[in-house]
Structure formats: structure tokens, C-alpha cells
1. In segment 47-63, which residues are surrounded by fewer than 17 Cβ atoms within 10 Å (Cβ to Cβ) and either without any contact (Cβ under 8 Å) to a residue 24 or more places away in the chain or part of a loop (DSSP other than H, G, I, E, B) (or both)?
2. For segment 131-153, enumerate the residues that are surrounded by fewer than 18 Cβ atoms within 10 Å (Cβ to Cβ), modelled with pLDDT under 95 and within 19 Å of residue 78 (Cα to Cα).
3. Determine which member of the set 98, 71, 66 is in a helix (DSSP H, G or I) and at pLDDT 90 or above.
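The values are calculated or read from the model by the stated rules, or taken from the named source; none is laboratory data. Here the structure is a predicted model, which means the values were calculated and not measured. Cβ placement follows ideal geometry from the backbone for every residue including glycine, while neighbour counts extend to all protein chains displayed.
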């Protein structure tokens with residue numbers, strides 16, 4: 001047998017084995033992430049924390065994965081974006097569909113007002129996150145929730161934390 005041919009076959013087998021291993025590792029790590037996320041504690045001060053992702057621009061998958069990587073588990077991840085939205089940038093991937101609750105806004109009230117009309121409990125905390133934003137550290141959401149007070153909502157350009165009493169329409 002020709003030595004260069006043997007080397008080529010060995011290299012191809014090695015590449016195929018490596019790609020197979022990487023594919024298995026990536027899919028397994030995603031499963032572990034969702035499994036581990038379900039075991040994470042909720043925030044000690046709040047019985048219900050809802051993350052609402054707003055907007056059509058930005059990577060929705062990255063934002064959702066960022067929420068799932070946080071040290072505290074939230075009660076719900078929601079958006080107002082639907083499959084039937086006409087904007088191409090609003091499309092939702094299959095991964096997002098599995099963890100994301102989508103709500104319509106039939107009266108065109110907007111994300112904030114519609115969210116608080118759904119979340120009627122006064123002690124529910126809503127975290128509005130700009131689509132495409134990713135948390136910089138695994139405990140960033142927990143720190144934002146720790147800082148929140150009934151007297152002062154948390155607001156910056158990418159994240160707002162508030163309850164229904166702090167929402168001004």
C-alpha cells in the first residue's frame with residue numbers, strides 16, 4: 001500500500017472521530033445546562049421572577065442562553081415575538097421555542113404594559129432584557145435582584161428590574 005494514502009486515511013479517520021466527539025460533547029453540554037438550570041435555586045427574596053426579552057434586533061439565542069447560565073433560576077422567560085411576525089429578524093429558533101413563552105399584544109399596549117397586565121401579583125419582579133444582551137457574569141442577575149428595592153427600580157440601557165408598582169405607563 002502507498003504510504004501517503006495510508007496517512008491520508010488515518011488523518012480522515014482522526015478528523016471524523018474528532019468532529020463526532022465535538023458534536024456529542026456540545027449536545028451533551030446543552031442537555032446538562034438545561035438539567036442543571038432546573039436544579040438551581042430561585043432568588044430568596046422573590047417568589048416569582050419573570051424575564052421578558054424585548055425587541056427584534058440582536059441574538060435571541062444568546063440572550064436566552066445567558067439567562068439560563070445565571071446562578072438563579074427564573075420562573076419564566078417570555079417575549080412578545082411570534083413565528084407569525086413579518087419581520088425576518090424576529091424569527092425564533094427551535095432552541096428558543098423550547099424554553100420561551102410567547103405572548104401576543106393584541107391591543108398594541110407595548111411590552112411593559114402587557115407584561116404587567118399578565119403578572120398581577122404585586123410581589124412578581126419583572127426583568128426586562130434587551131434582545132441580544134448577554135449577562136457578563138453568572139451572578140449578574142442575582143446581583144441586580146439583590147440591589148432592587150420597592151423604592152428604586154433598576155434601569156440601565158440593557159436591563160430593567162421592576163415590579164408592577166414601579167411601572168409608569
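1. Within segment 47-63, 47, 48, 56, 57, 59 meet the criteria.
2. 132
3. Step by step, each of 98, 71, 66 is checked, and only 66 is in a helix (DSSP H, G or I) and at pLDDT 90 or above.
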